[in-house]
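These notes concern the structure reproduced below.
Derivation of every value follows stated rules applied to the coordinates shown; laboratory data play no part. Fair warning: this is a prediction, and the values are worked out from it, not measured in the lab. Heads up, the Cβs are rebuilt from the backbone with ideal geometry, glycines too, and the neighbour counts pull from every protein chain shown.
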Amino acid sequence: MAERIFDPEEPELMDREGDFTPEWDKDLANLRGLNRHFGAHRIIRQFFESLHISPGEPITVLDLCTGSADLPAHLVDLARAAGIDLKIDAIDLHSATLQGARSHLGEKYPEISLHQADVLTDLLPSPKYDLVLCSLALHHFTEEDAVKLLTRMRQHATRGLLLADLERSLLCTTAVWLVTALIYRDPMTVIDGRQSAAAAFSKAELLEMIEKAGWRNEGPIRHRQFPIGRQAVFLEIPS
């Protein structure tokens, strides 16, 4: 397997602070399409269903590095269908991305509150949440900061944790190159998508970081692989 390629001095275009432009808006729309068609919704659904939450039960959720908040919106859709009272704090560092999230959500999802913050260092809206999620963001960090993020997730969760991301492999790299050559061809999506595939962690690397972050102290973890080139770690914390 190829070595991870990651340079914090050369972040993805989405990680560079800037104004909310049509190109930024289009990239967020492309990411929503990728999430919808290539497994992210399935990961969220499987995690949500595995928790066996009762109808009418109030649940608080923290979503870190939310992007355009499409995955929290999908979670709200699932909760509404199941009669579950869900409240979500969705966090992102970049003002332009949050502007895109506000535009995407509109008035349709009052259950979701958007917040600008650094997920590694800033005070979060609440000290504890039932569920803490982070999807397709870990590869944006150094290994040291990735462990910090995983540790912070564990510290804020009382019931369940979900970390989902790309899995570095030849299959993932090939799939990303094909998708960005044939379907999602906007320059920002092409550049960031291919950089993401190279920066993703392998299964072994992810599980090692999960170990360092102390997730196993909370309960048995479940690692799952999803087509194409995605992986997730689920943890249900015993009551």
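Comparing ASP130, ASP122, ASP145 in a Gaussian network model of the chain, where Cα atoms under 10 Å apart are tied by springs, the biggest mean-square fluctuation is seen for ASP122. Sequence-ordered 3J(HN,Hα) estimates for the range 111-120 from the Karplus curve with 6.51, -1.76 and 1.60 and θ = phi - 60° stand at 5, 9, 10, 9, 9, 9, 6, 7, 5, 8 Hz, glycine and proline given as x. Based on the Kirkwood approach, the hydrodynamic radius assigned to the range 22-78 is 12.6 Å, with every pair of different Cα atoms included. Full extension of the chain segment joining ARG4 with LYS108 gains 33.5 nm, where the gain is 0.36 nm per residue of separation less the Cα-Cα distance.
Around the Cα centre of the chain, unit charges on the Cβ atoms of Lys, Arg, Asp and Glu (plus for the first two, minus for the last two) sum to a dipole of about 880 debye. With 10 Å bins beginning at zero, the pair-distance distribution over Cα atoms of the range 123-239 amounts to 14, 43, 28, 14, 1 %.
Selection among THR97, ILE228, LEU182 by position relative to the dipole of the range 78-235 gives ILE228 as farthest towards the positive end (Cβ unit charges, Cα centre). Once backbone amide H atoms are built at 1.01 Å from N, ARG230 has GLU167 as its partners under 5 Å, excluding neighbours fewer than 5 places away on the same chain.
Amide H contacts under 5 Å for ALA117: ASP92, LEU93, restricted to partners 5 or more places along the chain or on a different chain, H placed in the peptide plane at 1.01 Å from N.
Rounded to the nearest 500 deg cm²/dmol, what is the calculated helix-only ellipticity per residue at 222 nm for the chain, with -39500 (n - 2.57) per DSSP H run of length n ≥ 4? The per-residue figure over the chain is -13500 deg cm²/dmol. Between LEU120 and ALA181, what's the calculated FRET efficiency when r is the beta-carbon distance and R0 is 35 Å? Round to 0.05. For R0 = 35 Å, the calculated efficiency reads 0.55. Here the Karplus curve 6.51 cos²θ - 1.76 cosθ + 1.60, taken at θ = phi - 60°, turns the phi angles of the range 86-102 into couplings of 10, 10, 10, 9, 10, 10, 8, 7, 9, 5, 5, 5, 5, 4, x, 5, 4 Hz, with x standing for Gly and Pro.
Taken as Cα centroids, the range 138-153 and the range 169-213 sit 16 Å apart, rounded to the nearest whole angstrom.
Spacing of the modelled spin labels on ARG42 and ARG16, each 7 Å from Cα toward Cβ, amounts to 3.4 nm. Checking (1) 0.99; (2) 0.93; (3) 1.05 against the coordinates, the calculated Rg/Rh (Cα atoms, Kirkwood Rh) falls under label (2).
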